[in-house]
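Step one of this worksheet: look at the structure below.
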Amino acid sequence: MEQRSLGFSVFLYASALLLAVLILAPFAWLFIMSISSTTDLISKPLRWWPAQADWSRYRVLTDLTPNTHGAALMSALKNSVLVAAIATLAALAVSVPTGWALSRSRAVNWSLGLVIGTYMLPPVALAVPLYMGLAALDLLNTRFGLAVVYLTILAPFTAWLLKSGFDPIPRDIELAAAIDGARLDQTLRILILPLAAPVIGTAALFAYLLAWDEFFYALLFTSDQRAKTVTVAIADLAGGRVADYGLIATAGVIAALPPVLFGLLMQRTLISGLTTGSVKG
Amino acid sequence: MSTLDLIGIGKSYGATEVLRSIDISLASGEFLVLLGASGCGKSTLLNVIAGLLSPTTGEIRIDGKRVNEVHPKDRDVAMVFQSYALYPNLSVRRNIGFGLEMRGVPRARRDEAVARVARMLQIDGLLDRKPAELSGGQRQRVAIGRALVREPKIFLFDEPLSNLDAKLRMEMRAEIKHLHRLLATTVVYVTHDQIEAMTLATRIAVMNNGAIEQIGSPEDIYRRPATVFVASFVGAPPMNLIEATWDGRGLHLDGSGQTLALPAPDAAPRPVTLGVRPEDLRLADPADELAIAATVDFAELTGPDRIVFSRLAGVPILASLPPHSHVTADEQVRLTFSKRDMHLFDRGSGKRIDIPLRPVA
Ligand SMILES: Nc1ncnc2c1ncn2[C@@H]1O[C@H](COP(=O)(O)OP(=O)(O)O)[C@@H](O)[C@H]1O
Ligand SMILES: [Mg+2]
C-alpha cells in the first residue's frame, strides 16, 4: 500500500462524499416528501423534516380499487415492466448478432456511425412518422406498439455497446473453434456469448432503464390504462387541478423500485475480466 | 501421416501481394519450418493451409487431393496459435476435448483421449482448471494438447514458443521434437527463431517478402545459403558480408585495396559479395595466403568463444575465435578461412555463385 498524505486522504473522502450527496440527495428528498404530511409540504417556510412519518400515500397508491390513483399506477407499473422487458429482449435479440458482426467485420462499420447519427435527431422529428406508422398497423395505445418504438431507440445503442464488448474477445478463439469443427452457432453459444455475458448484462440493464424512463413517446402513443406507462401515470398525477406533491413523490419512489431490483439482479453477471487466460504467457 | 503440396500459392489484399507463388512439397512425416522475419507472410501461409484464408492463386493438396474449397474443420488439420487461443470459459479438460466434442465423439472415449494426451504433456493434474489459472508454459501445453488429441493429418504451429521465457522455450522445443519423433505426423511450424528452425526441422523454408528464398535441410540452409538474404538471416552472430569485385586476377575487396588470390573463371570483372561466417575465421599464420587484414575494435568473451569486432575499410568483420586468443584494440589482425567455408553471391541478383574449389586451369 502506498503512503498517502493526510491532505490527499481528506480530499479523496470529501470528493466521494460530495458525489454521494449529489446522487442521493434528490432521492432522499423524494422519499422524505413521500412520508411528509401535506401541511408540512405546503407550509412556508418549508418544513424539511416531517413532524411525523405519514405512510398513508403508499396505501393509497397500492389500492387496486378500480378508478383510483392506486389502480392507475399499478396498471401503469405492469405496463412499464412489460414494455421495457419486451423492448429489452427484442433489442438484445437484434443487437447480439449485429454487434458481433460489426465487431468482426470492418466493412460495415460505417453503418453504425449512420445509425448513431440518427440519435442526433430530436425525438419530435420522428414523432409524426412513428405515429402514422403505429396507426397504420393498429398498434397505437398497445404495449406491443410502444415496445416496437422503444426497440428502434434501444437496438442501435445496445448494438454499439455489444460491439465494444465483442471487440476484446480474440478472433483467434473463433478460428481455433472453426478448426476444432465447431459450427457458427456452436461457437457463439458455447464460447462467444458466455465470454460476452458481462457486456450483454450491462446492455440489458441500460436498455431496460432507458425504456423504463422514456416519457415522450409513451405520452404520445398511449392513451389509457391498457398501455400507459409509469412515467405517464406520474405525469397524470401532476396534471390535476390540485397537485398533491406528496402523492407524486410516493409514485416516484414506487416507480424507482423495479429498476433498482433489476439492477441488483443483473449485478451478479456484471463481472468483467472473463477473457483472461486465453492468450499470452 | 499425410503429404502436403502447395502449388503456386499466392495471396493478395488488393494491390498488396502478401504471398508470391509458393511451391512446397512435403512427404509424409516431414517437419517443415517456415523461417522468416516478422511480416514476411508466414502466418498467412499457415492460415491458407488451415483453410482460414483462401489463396488468391494456386492449389493446396493434402494426400494428393485438392482441398482449396474444403472447410477448415474438414481438412483434418490441427493448429496451435501463436496466442494459444484457448477457450477461457472452458476447463482444460473441455479445451483439449473440444475438437472431439464437436465431432460427436462419445463422452467416455473423449475423456480417455484427453487423459492420454494430458499424461503425455504432464498436465493431467490441471484438467479441472480454467486457462486463467495456468502459467504460460502450462497454457502452451494445453494448446498443444488440443491439437494432439485429434490425431490430425497435419499439425500447424504458429510461433508456439515465442511467448515463453528462454529456459521454457528450450524445454518445449525438446518436447515438440520428441512428440514428432513419437507420432511422425507431418508438421508445418512457423518461427522467426533460427535456433528453433535449425533444431526442429527436417526441412527449412526461408521466407522473405512473401516468397520462399530457399528450401532445404538445416545443413543446406546453413552451409550452402542460396541467396545473400538467407546467408545474412541464418546464423548468429551473422555471416560477414564484404563487397568485392571478382576478375581473372582475383577477388578485390572494395575500398581496402586487398586482393584474395581467387581468380575468377571469366576475366571480366563482376560485382560480388563475399560471405564468411564468424566461426569460420581464424587468426592467420604468415604462410596463409587467403587472409583479410582488419583493424580490431574490441573483443568480447562469451564463454566458449571470444568474439572479435573488427573493421575492414569501414565494413564490420566479426570473428568467433577460441577464448584464449589474444587480440588488443586497434591491432591489425589477419583473419584467414578455408575456401570450402566461403560463400560468393552475385551482387545484382543476390544469388549464390558456386566456386570451383580448385583454381581453374
Ligand atoms: N487482412 C490483411 N489485409 C492487408 N494486409 C494484411 C492482412 N493480413 C496480413 N497482412 C499483411 O501481410 C503481411 C504478412 O503478414 P503475416 O502473414 O501475419 O506475417 P508473419 O506471420 O510472417 O509475421 C504483413 O505485412 C501484413 O501487414
Ligand atoms: Mg505471424
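Checking the table B:177/B:351; B:42/B:153; A:163/B:130; B:42/B:73; B:65/B:153 against a 23 Å threshold on Cα-Cα, which pairs fail? Present the calculation step by step, with values, prior to reporting the outcome.
Details: B:177/B:351 32 Å; B:42/B:153 20 Å; A:163/B:130 25 Å; B:42/B:73 21 Å; B:65/B:153 13 Å.
Correct reply: B:177/B:351; A:163/B:130.
If I take all pairs of Cα atoms in chain A, what percentage of them are more than 31 Å from each other? Result: 46 percent of Cα pairs exceed 31 Å.
Of all beta bridges DSSP finds with both residues in the protein assembly as shown, what is the antiparallel percent, to the nearest 5? Write down the numbers at each step before the final one.
Numbers: 60 of 78 bridges.
Close to 75 percent.
Here the Karplus relation 6.51 cos²θ - 1.76 cosθ + 1.60, evaluated at θ = phi - 60°, turns the backbone of segment A:155-160 into coupling constants of 4, x, 5, 5, 4, 5 Hz, with x for every Gly and Pro.
Projected area of segment A:1-54, taken from the Cα convex hull and averaged over every viewing direction, in nm²? Before the final figure, lay out the partial values.
Details: hull surface 23.0 nm².
The Cα convex hull of segment A:1-54, projected and averaged over all directions, gives 5.8 nm².
Annotation for residue B:325 and residue B:107: the two label points, set 7 Å from Cα along the Cα-Cβ direction, are 6.8 nm apart.
Each helix, a run of at least 4 DSSP H residues, gives -39500 (n - 2.57); summed and divided by the residues of chain B, these come to -7000 deg cm²/dmol at 222 nm. Out of A:41, A:102, A:175, any idea which swings most in a Gaussian network model of chain A, alpha carbons joined below 10 Å? Judging by the Gaussian network model, the answer is A:175.
Compared with the dominant principal axis of the Cα atoms in chain A, helix A:109-118 is inclined by about 10°. If you run the Gaussian network model on chain A, springs between alpha carbon atoms under 10 Å, then out of A:79, A:109, A:67 the most flexible one is A:67.
So if I average 1/r over every pair of distinct C-alpha atoms in the protein assembly as shown and take the inverse, what Kirkwood radius in Å does that give? Before the final figure, lay out the partial values.
Values: mean 1/r = 0.0318 Å⁻¹.
Radius from the Kirkwood sum: 31.4 Å.
Remark on residue B:277: its backbone amide H falls under 5 Å from those of B:240, a criterion applied only to residues 5 or more positions apart or on other chains, H modelled at 1.01 Å from N. Separation of segment B:49-126 and segment A:1-70, taken as the distance between their Cα centroids, equals 60 angstrom.
Counting only DSSP H runs of at least 4 residues, each contributing -39500 (n - 2.57), and dividing by the residue count of chain A, the helix-based mean residue ellipticity at 222 nm comes to -23000 deg cm²/dmol. Peptide B:137-143 is shielded by partner chain Cβ atoms: per residue, an average of 1 of them sit within 10 Å of its Cβ. One way to sum up the overall shape of segment A:68-134 is the equivalent ellipsoid from its Cα gyration tensor, whose semi-axes run 33, 18, 9 Å, largest first. GNM on chain B, C-alpha springs below 10 Å: top fluctuator among B:224, B:203, B:306? So, out of B:224, B:203, B:306, the one fluctuating most is B:306. Using alpha-carbon positions, what is the distance between the centroids of segment B:286-361 and segment B:206-256, in Å? Answer, in whole Å: 14. How big is the Kirkwood radius of segment B:4-232, worked out from every pair of different alpha carbons and given in Å to one decimal? The Cα-based Kirkwood calculation yields 18.1 Å. Between amide H atoms placed 1.01 Å from N, distances below 5 Å from residue B:249 occur with B:264, all of them 5 or more places distant or on a separate chain.
FRET efficiency for residue B:313 and residue B:209, Cβ-Cβ distance as r, R0 = 35 Å, nearest 0.05?
Step by step, r from the Cβ atoms, then E = 0.75.
Three principal axis extents of segment B:237-346 based on alpha-carbon atoms, in descending order, are 44, 27, 25 Å.
Taking the average, over residues, of other Cβ atoms within 10 Å as the packing measure, peptides B:47-57, B:66-76 rank B:47-57, B:66-76 from highest down.
Each reported figure results from applying straightforward, stated rules to the coordinates on display, with no laboratory input. None of these values were measured; they are calculated from a predicted model. Don't worry about glycine lacking a Cβ; one is built from the backbone with ideal geometry, like all the others, and counts go over all protein chains shown.
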